[in-house]
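One structure is given below, encoded as structure tokens.
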Amino acid sequence: MTFASFLINLYSHVPRLNFQFHWTKDIFNFDWSSEYFQALALVACLGAAVSLLLLVTIIIVWICQACRKNETTGKTRRLVRRLSTVLFIISVLCFFMLGICLFANEHVNRGVTISIDSVTNTKKSYQISMTQISLFQEAALNATVNLKTLEDTVHLASKKTKNATIVQQIDQILTNITDEIDIIAKNGKLFQAKHDDDIGTLENIRKFLSMYESERWAFLVLFLSITMCIMFAGVVAFCKQSKQGAVVFSSVGFFIFVVTWLLISVSLPLTIALTDFCRDGDQVTRKNLGNLYETVQFYNTCVPVTTHDNLPLPIASHVALLNNIPASKSQLDRLMEVAFNSSAAITNSSSAVGNDITKLLKLAGGVSSSSSCYVFHDNVVNFYYGICNQSVAGMNIYMMSIFTLGLLLFVLLIVVSKTWKLFSRLPHEYVEVDEDDPFFPRGLNDANIPVDIYGTHVMNPRTRDRTEPSTNTTSGTADEATAPLWSQNLSSSLVNNSMSRQPFISDHQYNNYEDRYNM
């Protein structure tokens, strides 16, 4: 038992209830008024109800979190670090589920692509087969015309011969050959009329599968890619412990959560319908394929061999009518040669009929080779393999992964609401220092700050020829002269424990300051 067959049997135990909550016996019927469609609708409503319950829970938690008083006493670094770690782990799990969803999406796409390719190849082979049958039927019609001419010629020549027994045998053989070829012509025409819409049916199936799969694949890839980008932005915000990023992620993640659970509500009934089709889809297949259904069933169950006798029953009976005609034609030629002594008119008519029979035999070989089991078997089997094996497995993997993703998003949106009060705004690049800064007090003590708090201008020779501008931060230097310090009156009383200026002497290290500092 394969994984897909196990899943098909597993989904067969899912209750199919109609709107009266009774178990329905309707099997895979997409009619809007059918009980089977009601059962699928109830499954979708169940998923929608669960999503609505989770959505209301998120809204209530968010409202309570927004109305909660901002208590800074419990705002510790350890709590914030733990919260950001939990959010990071949940986000990583969401990334993992998103990756599985993408894998499952590609798995389903590969399965449907196999089925689409098989339908395309089946249509091409079927066109070739129908063309050979059409040529076979036209050749049979042409042969009936030449047989009619031969009959007329034999009737005219039989009036001149005296061997009535041989003429009677010739007439009987001609009648048998004519009747068989007439049946071939009529059956070919009926077969073409019966299967004239088969090519259109196969083309409609191909178009439907291509359109559905392209839209489904593109939507899921786009949605999952956007979700990955949003999750990546959320991880960055969680690692930076940014309040703005957490709030923005909460608002965008809310819509991602809604879309995810809508997909869950739609995907579950579609998965059930797909498994039901693979298990009990013969009724719908027969209804939609029409006369093509029996042919498809034959090619699905036949054993491909290299011989050309493994054909569907209508085509096999159609070709089998030629089996006795070559032997009958040889016997006819011998009798006509004996009866009519190789008459030129009869010889020419018989030669034309022989050419038609030879052409019919060649075309019969073309019909047998183009309609044999080995031509269609692999394509029909690949169609069921792509839909009922690859697609079923992919849809179930996708269903489980997106359901897990929906639960993780629910937990993530609940937890992220706690960051609204615990995470702080990210600091700006430049911070304005207020008046209460203990490292740089302002106000009353501002007058005691000197112009140059480091005293770099003291004993500096470069300051002898220039003045120091005031920074206007103190009132002690606002109205004072800007003369150099050494030119001021040093004889006045100084504060205690201050040193007096030493005179310049010849051996002082600043005696040659111009040589040391002038460049």
Task: Number of the exception - GLU215 against (1) over 28 Å from the mean Cα position of the chain (by Cα); (2) in a helix (DSSP H, G or I); (3) among the charged types (D, E, K, R) - done: (1)
Task: Residue among LYS243, LYS329 that is farther than 30 Å from LEU413 by Cα, out of contact with any Pro (no Cβ under 9 Å at 6 or more places or on another chain) and among the basic types (Lys, Arg) - done: LYS329
Task: Among residues of segment 112-152, those that are more than 18 Å from ILE199 (Cβ to Cβ), open to solvent by 30 Å² or more (accessible area, probe 1.4 Å) and not hydroxyl-bearing (Ser, Thr, Tyr), counted - done: 9
Open item on the list: Could you check segment 202-254 and list, in sequence order, the residues that are of a type in the set (Phe, Trp, Tyr) and in contact with a helix residue (DSSP H, G or I) (Cβ under 7 Å, 6 or more places away or on another chain)?
Closed with: TRP217, PHE223, PHE238, PHE249, PHE254
TODO: Can you tell me which residue among ARG82, ARG68, ARG77 is touching a residue at least 24 places away in the same chain (Cβ under 8 Å), open to solvent by 90 Å² or more (accessible area, probe 1.4 Å) and either basic (Lys, Arg) or touching a His at 6+ places or on another chain (Cβ under 7 Å) (or both)?
DONE: ARG68
Open item on the list: Among the residues of segment 377-389, are any closer than 30 Å to THR149 by Cβ and part of a helix (DSSP H, G or I)?
Closed with: no
Open item on the list: Checking the conditions here, which among PHE277, PHE255 is open to solvent by 10 Å² or more (accessible area, probe 1.4 Å), over 24 Å from GLU213 (Cα atoms) and within 27 Å of the chain's Cα centre (by Cα)?
Closed with: PHE255
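Here's the yes/no breakdown for (1) closer than 28 Å to VAL411 by Cα; (2) within 30 Å of the chain's Cα centre (by Cα); (3) part of a helix (DSSP H, G or I):
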{"position": "LEU10", "(1), (2), (3)": "no, yes, yes"}
{"position": "PRO15", "(1), (2), (3)": "no, yes, no"}
{"position": "ALA49", "(1), (2), (3)": "yes, yes, yes"}
{"position": "LEU52", "(1), (2), (3)": "yes, yes, yes"}
{"position": "ILE63", "(1), (2), (3)": "yes, no, yes"}
{"position": "LEU79", "(1), (2), (3)": "yes, no, yes"}
{"position": "LEU87", "(1), (2), (3)": "yes, yes, yes"}
{"position": "SER91", "(1), (2), (3)": "yes, yes, yes"}
Task: Boolean, ASN105 is part of a loop (DSSP other than H, G, I, E, B) and under 27 Å from SER391 (Cβ atoms) - done: no
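The values are calculated or read from the model by the stated rules, or taken from the named source; none is laboratory data. These numbers come from a predicted model, not from an experiment. Don't worry about glycine lacking a Cβ; one is built from the backbone with ideal geometry, like all the others, and counts go over all protein chains shown. Note: areas computed on protein heavy atoms with side chains; ligands, DNA, RNA excluded. Shrake-Rupley method; radii C 1.70, N 1.55, O 1.52, S 1.80 Å.
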